[in-house]
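S.K.: I'd like to ask you about the structure that follows.
The values are calculated or read from the model by the stated rules, or taken from the named source; none is laboratory data. Values in this document were obtained by computation on a predicted structure and should not be read as measured data. Here the Cβ is made from the backbone with ideal geometry for all residues, glycine too, and neighbour counts use every protein chain on show.
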Amino acid sequence: MKIHVRYLRAFTLIELIFVILLIGILGAVGTSLYRPQHLLNDAKFIRAKIMKTRYEAVGYDQRNFDGTFRGDNIGCITVDRAGIEGNIAKAGAYRLHKHTQIRLAGMSGNVICFDVSGRPHDGDFSLVSLLHDAADINVTDGKRSYSLKLYPLSGYVTID
């Protein structure tokens, strides 16, 4: 009985160095092309929180039977970091990026309230506080910025 021994052909050191160099170049190019979209994600989250607040307000009447207002904050959102993030102690809660800044223009304060019809109000639910012009929410990180537009009457929010 004969045993045939085959010689194993191994890679040379030059071939291994070339493969490692090629993987390094591809990794460097890949990481330079990857740009995280923190600011866009934050703008989308802010839009979603405002639309969720509007959704919760539709059909919820803020008045008592005698016509006075209840005083609860269902249908209202404060447009700042604390108001947008809400209860961040919950597991899985979204946190805005640390450099994200939020500015609200076109309103007297930073509280948006939605009435039973989903129309935006400037801080309370009186007829004079109903928005007649679009409000702009500027989300910036110092380098880039996104503008969210809150439309009157419909209460819809778009990202520009």
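S.K.: Under 7 Å between Cβ atoms, at least 6 apart or on separate chains: pull out the pairs that start in region 75-94 with a residue that is under 15 Å from THR53 (Cβ atoms) and assigned to a loop (DSSP other than H, G, I, E, B) and end on any residue that is polar (S, T, N, Q) and modelled with pLDDT of 75 or more.
M.R.: Once the first residue is under 15 Å from THR53 (Cβ atoms) and assigned to a loop (DSSP other than H, G, I, E, B) and sits in region 75-94, its partners that are polar (S, T, N, Q) and modelled with pLDDT of 75 or more give GLY75/THR53; VAL79/ASN110; ASP80/ASN110.
S.K.: Please specify each residue of region 93-107 satisfying the condition of being basic (Lys, Arg) and under 17 Å from ASP133 (Cβ atoms).
M.R.: ARG103
S.K.: Could you please find all residues in region 105-160 being surrounded by fewer than 17 Cβ atoms within 10 Å (Cβ to Cβ), touching an Asp or Glu at 6+ places or on another chain (Cβ under 8 Å), in a loop (DSSP other than H, G, I, E, B) and of a type in the set (A, V, I, L, M, F, W, C)?
M.R.: Across region 105-160, the qualifying residue is only VAL116.
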